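The values are calculated or read from the model by the stated rules, or taken from the named source; none is laboratory data. What you are looking at is a predicted structure, and each value in this text was computed from that prediction instead of being measured. So basically every Cβ, Gly included, is an ideal-geometry build from the backbone, and we count neighbours across all protein chains shown. The accessibility values were calculated without ligands, DNA or RNA, using every heavy atom of the protein model including side chains. Shrake-Rupley method; radii C 1.70, N 1.55, O 1.52, S 1.80 Å.
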Amino acid sequence: MKVMIVEDEMLLAMELESEVEAAGHSVVGVAASSGQAADIVRDAPPEFAFVDINLQDGPTGINVGRMLAEKRIPYVFVSGNIKKLPDDFAGAIGAIEKPYTINGMANALAYISALVQGDDSMPPPASLVLAQDAPRPVRN
Amino acid sequence: MQEYDQRRTDARDAGQRLVARHVREDPFAAAFKATRMPMIVTDPTQADNPIIFCNAAFEKLTGYSSVEVVGRNCRFLQGGDTNPETVARIRSAIDAGSDIAVDILNYRKNGQSFWNALFLSPVRDDNDKIVYFFASQLDFTNVKSREAELAAARHQAEEAVAEATRNLRAALATRTLLVHEVDHRVKNNLLTMASIVKMQARLTKDEGQRSALMSVLNRIEAISTVQRKLFTTDDVARFDIADFARELATDLVGAIKRDDIHLTLDLTPVYVPAVKASPLSLIVNELVGDAVRRGLSDGGGEIHILVKRLNGHFLIRVEDTSEPVEPDETSAELGRMLLEASARQVEARIERTQAGRRTIVDVTLLVESEKDVPY
Ligand SMILES: Cc1cc2nc3c(=O)[nH]c(=O)nc-3n(C[C@H](O)[C@H](O)[C@H](O)COP(=O)(O)O)c2cc1C
């Protein structure tokens, strides 16, 4: 699976890249801003993406997500505060909350790559909050 | 002018007729004259319903003498700030021949205004014909101003409360913002620490070094998970140890991908105060980690985790059935130290029983019961 990483903390991005590669996938690009993400999607379209909410150009991860959803590229958010996400998760499969563990990320990655290949038989791991299961804030 | 004089004479005569009808010692007339309540009588049979009688209290209230008021309609008490709607209400009550009680702004002879609680009522003869109007006036300026003061005070108090609430809310918003900012940084820093350790572990060629680094990483991750879970529940002050155990165990067992290790869970939410979250999570982390390590031996194994409350205490039990393995001495020592320190920190009792392939570790601990009511 060709993966794009959208993350403005380079150390975290690098480490995630190694974990993705260790799981047998390839990383087509690391973007630190929404502009870079758009460039990667244009030049080397990924099959899947990890997207942080806060990027170098502000909380633009949500826009990146919407762009990916428009292009039908599956993705998950990776963020320290998934409560900031809109109710519809901006079209994401789900979200992985930081700080994730090595096991949590490995399990999420296994689930996602199965899903991207059309296999939805695996149970979702605890580390991945699926969009449809996300707790909705009570509106009154 | 002449006409007005005539009317005054008529009015005075009518007043005298009214009084004459009562004998000198008539208690009614005496009371009417002597009462401290200002009162007047008007004669609606005469043009413009003039006053035909007023008592001393009325003179005192208005500053006009009886001679000055008799023959005139009472509206001379009204002035610039008198509410015309109130006047209209009086007019229609009089036209309808009914009682009315109203508050109206009136003016004394010296021009000073006062609030008049006016009560007026028609007086009917035996044929039900209105022969007089009777009215009493009461100066309630003081009451009115006290009312205004009270209202102002109440308004001020409400303003003060609203202001305080606004300030508090703003302070709270700032604090929440700060907490979120700090939380965000702590999470990122924990993940950065973990990333550095992971990188080092990947770079090293030495298997011993690698496993030492992974063991450090394992504890950093346990603490990281606590931090994450503390803030995903909106209530920073409480932490569900069962939820932590579930995620830790399923992630761990999920990642090792061994079909021969079976995990079963029996968990009920147990909320602990935030200060106990890290030591308790480290305890759970050590116990589950140990059980999984034993299960990694050839035969695989069964792991069962139970978290439940039992009258004032709560119990974490990690039970496994697997071939006992000889653990690495250093890592076993670290595990023991962490367990011991964490247990001492939260005053937990740890009991280990081993029989053949079965190992049971019970951690019991006192919890304040009011703090672990589920949401
Ligand atoms: C018995 C009686 C007492 C009245 N006393 C007062 C009074 O104390 N103050 C006042 O402003 N109007 C008083 N009025 C009302 C006025 O005399 C008058 O009826 C009112 O202004 C409405 O009529 P207008 O619109 O023709 O002025 C009294 C009326 C009657 C019949």
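Quick look at the values:
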{"read-out": "Partner chain coverage, peptide B:214-221 - average Cβ within 10 angstrom", "value": "2"}
{"read-out": "Cα centroid separation - region B:134-198 against region B:28-104, whole Å", "value": "51"}
{"read-out": "1.4 Å probe accessible area per residue over region A:2-133, in Å²", "value": "40"}
{"read-out": "Relative contact order of region B:237-375, defined on C-alpha pairs under 8 angstrom at six or more residues apart (%)", "value": "25"}
{"read-out": "B:L138, B:L252, B:L365, ranked by accessible area, largest first (probe 1.4 Å)", "value": "B:L138, B:L252, B:L365"}
{"read-out": "Relative pair counts by distance (%), Cα atoms of the protein assembly as shown, 20 Å bins", "value": "17, 32, 11, 10, 19, 10, 1"}
{"read-out": "Nearest-10 value in Å² for the accessible area of B:C74, using the 1.4 Å probe", "value": "30"}
{"read-out": "Cβ-derived FRET efficiency at R0 51 Å, B:E149 paired with B:E181, nearest 0.05", "value": "0.60"}
{"read-out": "With every protein chain in place, region A:2-133: carbon and sulfur % of accessible area (1.4 Å)", "value": "50"}
{"read-out": "Cross-link table B:K198/B:K276; B:K60/B:K144; A:K98/B:K205; A:K2/B:K198; B:K187/B:K308; B:K276/B:K308, entries beyond 25 Å C-alpha to C-alpha", "value": "B:K198/B:K276; A:K98/B:K205; B:K187/B:K308"}
{"read-out": "Relative contact order of chain B, defined on C-alpha pairs under 8 angstrom at six or more residues apart (%)", "value": "9"}
{"read-out": "Cβ charges +1 (Lys, Arg) and -1 (Asp, Glu), total dipole of the protein assembly as shown, debye", "value": "1940"}
{"read-out": "Accessible area buried, both sides summed, chains B and A with 1.4 Å probe, Å²", "value": "2400"}
{"read-out": "Candidate residues B:F134, A:F77: accessible-area rank, largest first, probe 1.4 Å", "value": "B:F134, A:F77"}
{"read-out": "Positive minus negative residues near B:D298 (Lys, Arg vs Asp, Glu; Cβ under 10 Å)", "value": "-2"}
{"read-out": "Between helix B:207-232 and chain B: long-axis angle, C-alpha atoms, 0 to 90°, nearest 10", "value": "20"}
{"read-out": "Gained length - B:L203 relative to B:L265, 0.36 nm times residue gap less alpha-carbon distance", "value": "18.7 nm"}
{"read-out": "For region A:44-105 versus region B:254-323, the gap between their alpha-carbon centres in whole angstrom", "value": "31"}
{"read-out": "Contour excess over end-to-end distance, with Cα ends at B:A341 and B:S92 and 0.36 nm allotted per residue", "value": "80.6 nm"}
{"read-out": "Of all accessible heavy-atom area on region B:237-375, the percent that carbon and sulfur account for (1.4 Å)", "value": "53"}
{"read-out": "By accessible area with a 1.4 Å probe, ligands and nucleic acids excluded, highest first: order of A:M1, B:M337", "value": "B:M337, A:M1"}
{"read-out": "Counted charge near A:N54, where neighbours are those whose Cβ lies closer than 10 Å (Asp, Glu -1; Lys, Arg +1)", "value": "-4"}
{"read-out": "Exercise: per-residue mean of other protein chain Cβ atoms within 10 Å, B:316-327", "value": "0"}
{"read-out": "Relative contact order (%) - criterion: Cα under 8 Å, at least six apart; region: chain A", "value": "19"}
